[in-house]
Amino acid sequence: MAKEVKSVEYGLEKIFEGAQDFLPLLGTDYVEFYVGNAKQAAHYYKTAFGFQSCAYSGLETGVRDKVSYVLKQDKIRLVLTTALNSTSPIGEHVKKHGDGVKVIALWVDDAKSAWEETTKRGAKSFMEPTLERDENGEVVRAGIYTYGETVHIFVERKNYKGVFLPGFTEWICDYNPSPVGLKYIDHMVGNVGWGEMNTWVKWYESVMGFVNFLSFDDKTIHTEYSALMSKVMSNGNGRIKFPINEPAKGKKKSQIEEYIDFYEGGGCQHIAVATDNIIETVKQLRARGVEFLSAPPHTYYQEIPNRLGEHMKMMKEDIAELEKLAILVDADEEGYLLQIFTKPVEDRPTLFYEIIQRMGAKGFGAGNFKALFESIEREQEKRGTL
Ligand code: FE2
């Protein structure tokens, strides 16, 4: 088990020391959402976030009980799935949680071994190793439950040449808005209930072989009114990072508690997607109607040169432009990072997105937590949930 640290100045190379290799992960394969209306959600992700039509399965491809649209932008693959009848567990999931992330799929070389190694260590099975085949080859998938009703599906696709998975057809569409420069998933955050963070930290350590490489307690993550605690879990090669949050006591309601109340349980809180030009990406997202949290006060931007110190020399972005777009800046020993957070993308105040550009920094924007949470509290206030 990795030693816990209270600082963001902690290099990724340390991760390799404590991580275990019984579960080699090649990357995030896809993220699947269960939603109320996949057709309309797909339109939103194309129009607002610049995702491209990739694959489809539904009535036209012989599937009678559900429909799925697969969207792609560089290495990011999203799947939007809706039930086609009232008895489907997909519909039950949406009834309970609203639209949300069901599957965080992980790309592996051997799905059967991934399932065996994790269930042997205590994971609850969601899907036994299953071979799926079509004219483009075969895929093996297997799944386990993680926090809430969320699952990890291991995807072994080395013998597959098709557009997504067996059973999916290429989705050819006349409506193709341009991408906005989103590249890959940097991290995905899970919210869990009161006192459950350490349970899930231990679960990721013992079941998945992950290490806890950063910790933030409620003394770090708090404002005048609310607080939370967070521990960042990473796999051995650092490609998969899952911070786990739990609420902490404050004068008013924690944003994590608001999430748990509306999602009716633990679940994925935000997906951080990387870009290498956050100014251009955010300009385009704003023009396409994506709503972001409001900017911190002007003094936040005046303090950036002090906060960045040495790293100011390598900073190419214009601070006035960052302020205009409400982009946040943070730094650690190795560099700086730029980040911004959307408002929730569903009616329930649950899942949102982070857009992040890393310029050497490996942290998660701890220096921005206060400004960020004050901005979230302004939204909670409007919702009557603070
Ligand atoms: Fe994040």
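The values are calculated or read from the model by the stated rules, or taken from the named source; none is laboratory data. Note that the structure is a prediction, hence the values are computed from the model and not measured. Cβ coordinates were reconstructed from backbone atoms using ideal geometry, including for glycine residues, and neighbour counts include every protein chain displayed. The area values use the complete protein model at the heavy-atom level, side chains included, leaving out ligands, DNA and RNA. Shrake-Rupley method; radii C 1.70, N 1.55, O 1.52, S 1.80 Å.
The figures follow:
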{"read-out": "Nearest-20 debye value, the range 292-336 charge dipole, Cβ charges on Lys, Arg, Asp, Glu", "value": "180"}
{"read-out": "For the range 88-151, alpha-carbon Rg relative to the globular expectation (2.2 N^0.38 Å, N residues)", "value": "1.26"}
{"read-out": "Amide H contacts of K66 (H built 1.01 Å from N, under 5 Å, at least 5 apart or other chain)", "value": "L84"}
{"read-out": "Options P305, C268, G335, ranked by Cα towards positive dipole end of the range 266-354, top entry (Cβ charges)", "value": "C268"}
{"read-out": "FRET efficiency estimate (nearest 0.05) - Cβ-Cβ, R383 to N198, R0 41 angstrom", "value": "0.90"}
{"read-out": "MRE, 222 nm, helices only [DSSP H, n ≥ 4, -39500 (n - 2.57), over the chain, to nearest 500]", "value": "-6500 deg cm²/dmol"}
{"read-out": "For the range 180-383, diffusion coefficient by Stokes-Einstein and Kirkwood Rh (Cα), 37 °C, 0.692 mPa s, µm²/s", "value": "189"}
{"read-out": "Point-to-point label distance, M312-Y225, nm (Cα→Cβ direction, 7 Å offset)", "value": "3.3"}
{"read-out": "Positive dipole terminus of the chain, leading residue within N212, N277, H222 (C-beta point charges)", "value": "H222"}
{"read-out": "Descending principal axes extents, the chain, alpha-carbon based, whole Å", "value": "59, 48, 41"}
{"read-out": "Long-range amide H partners of I240 with built H, under 5 Å", "value": "N235"}
{"read-out": "Scattering profile of the range 61-212 at q = 0.12, 0.19 Å⁻¹ [log10 I(q)/I(0), Debye over alpha-carbon scatterers]", "value": "-0.62, -1.48"}
{"read-out": "Gain on full stretching of the segment that runs from E333 to D261 - 0.36 nm per residue minus C-alpha separation", "value": "22.2 nm"}
{"read-out": "Extension gain (nm, one decimal) between A366 and E132, 0.36 nm per residue minus Cα-Cα", "value": "80.0 nm"}
{"read-out": "Descending Cα extents along the principal axes, the range 207-265, whole Å", "value": "39, 27, 16"}
{"read-out": "Table column - 3J(HN,Hα) (Hz), the range 42-55, Karplus curve with 6.51, -1.76, 1.60, x for Gly and Pro", "value": "4, 4, 4, 5, 6, 5, 7, 9, x, 6, 9, 4, 10, 8"}
{"read-out": "Gaussian network model of the chain, Cα within-10 Å springs - most flexible of K316, K161, K252", "value": "K316"}
{"read-out": "Accessible surface of the chain, 1.4 Å probe, proportion on carbon and sulfur as whole %", "value": "50"}
{"read-out": "Where labels lie 7 Å past Cα in the beta-carbon direction, separation of D347 and E92 in nm", "value": "2.3"}
